[in-house]
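What follows is a short report on a single structure.
The values are calculated or read from the model by the stated rules, or taken from the named source; none is laboratory data. All values reported here derive from a predicted model rather than from experimental measurement. With ideal geometry, Cβ positions are generated from the backbone for all residues, glycine too; neighbour counts draw on all protein chains shown. To get the accessible areas, we keep the full protein, side chains included, count just its heavy atoms, and leave off ligands, DNA and RNA. Shrake-Rupley method; radii C 1.70, N 1.55, O 1.52, S 1.80 Å.
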Amino acid sequence: MVKKFGETTVLQGLNFQIGRGDRVTLIGPSGSGKTTILRLLMTLEDLTDGYIYVDGQPLTHEERGGKRVALKPKQVSKIRKRIGMVFQQFNLFPNMTVLENIIEAPIHVLGQSSDQAKTKAQELLDRVGLGNRGDAHPMQLSGGQQQRVAIARALAMDPEILLLDEVTSALDPELVGDVLGVLQDVAATTDITMLIVTHEMQFAQDVSDRVMMFDGGRIIEEGHPDKIFSDPDNERTKQFLQAVL
Ligand code: ADP
């Protein structure tokens with residue numbers, strides 16, 4: 001795949017596969033294209049060239065008669081529904097309660113009944129340790145609590161793929177542990193495919209079974225976290241890890 005912003009190519013000739021149920025962490029210096037990959041998967045950015053397939057199905061474009069053809073919005077949204085994303089800045093709807101935030105998409109996108117969505121939302125709030133905060137508004141919660149609501153909101157859509165974009169970067173250090181704990185629980189108790197961009201290397205090591213090191217829009221090294229974090233082959237990876245660890 002290729003992604004350009006104007007004349008600037010940020011991802012070039014990128015080609016990778018992620019297996020069902022895999023937990024893959026993307027690491028690399030700021031500006032290397034990690035967030036752009038998640039945003040492309042979420043269809044928040046347009047892919048400039050190439051294809052993305054989810055479970056063998058094209059996400060935004062397909063090859064037809066040797067040509068690259070854009071799919072219809074309806075087709076795109078059908079597959080897009082199978083993917084959830086949690087953002088660095090939580091992105092909760094400020095004018096809705098916590099519960100309303102979680103039930104919005106299940107009702108309007110999946111067509112669940114209000115009761116059904118509320119029952120599931122309450123289960124998820126319990127699971128992220130916020131069972132009694134359903135009536136609160138996001139602003140009344142700490143950043144860590146808001147982020148746990150955002151995780152519950154993503155899970156309410158029953159995603160097959162969960163994209164996590166630096167979900168602890170905007171948090172005070174003392175709030176990071178709770179959020180990572182929730183994600184570790186998700187990793188341990190579900191078979192959701194997870195694609196994680198993080199600077200929390202210990203978390204990456206604990207939760208992922210593959211690490212991809214990015215630099216300048218390319219994967220320069222990938223492998224099992226035990227190998228990448230303790231004995232990377234690539235000089236650039238070594239430098240990067242020395243700087244962040
Ligand atoms: P990372 O997540 O690794 O920090 P990003 O994917 O955010 O990197 O960014 C990759 C490159 O793309 C950077 O050079 C960034 O400045 C550029 N970029 C990202 N989003 C945009 C945008 N909307 N418009 C122009 N350039 C962008």
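The table below gives the values:
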quantity	calculated
Residue-by-residue Karplus 3J(HN,Hα) for segment 50-67, coefficients 6.51, -1.76, 1.60, Hz, glycine and proline x	x, 9, 10, 10, 10, 6, x, 9, x, 8, 10, 9, 9, 8, 9, x, x, 10
Whether the chain is rounded, prolate or oblate, judged on the alpha carbon gyration tensor where a/c under 1.5 counts as rounded	oblate
Entries in Lys78/Lys120; Lys4/Lys118; Lys67/Lys227; Lys81/Lys118; Lys3/Lys74; Lys3/Lys72 that, when Cα-Cα distance is taken, lie over 31 Å	Lys4/Lys118; Lys67/Lys227
Estimated FRET transfer efficiency (Thr190, Glu7; beta-carbon r; R0 25 Å; 0.05)	0.05
Whole-percent carbon and sulfur share, accessible surface of segment 118-206, 1.4 Å	45 percent
Under-5 Å amide H pairs with Met85, H placed in peptide plane, nonlocal only	Leu163
Karplus 3J(HN,Hα) series, Hz, for segment 22-32 with 6.51 cos²θ - 1.76 cosθ + 1.60 (x for Gly, Pro)	6, 10, 10, 9, 9, 10, x, x, 4, x, 7
Per-peptide average of other Cβ atoms within 10 Å, ordering 36-44, 1-9, 147-155 highest first	147-155, 36-44, 1-9
Per-peptide average of other Cβ atoms within 10 Å, ordering 116-125, 88-97 highest first	116-125, 88-97
Cα gyration tensor shape of segment 136-243, rounded if a/c is under 1.5, else prolate or oblate by comparing a/b with b/c	prolate
Calculated from backbone phi, Karplus (6.51, -1.76, 1.60) coupling profile of segment 205-222 in Hz, x at Gly/Pro	5, 5, 9, 9, 9, 7, 10, 10, 9, 9, 8, x, x, 10, 7, 9, 6, 8
Placed amide H near Arg23: partners under 5 Å, 5+ positions off or other chain	Met194, Asp209, Arg210
Built amide H within the under 5 Å cut-off of Glu221, gap 5+	Met213
Mean-position separation - Cα centroids, segment 8-62 and segment 65-91, in angstrom	11 Å
Helix-only [θ]222 nm of the chain, DSSP H runs n ≥ 4, -39500 (n - 2.57) each, per residue, nearest 500	-11500 deg cm²/dmol
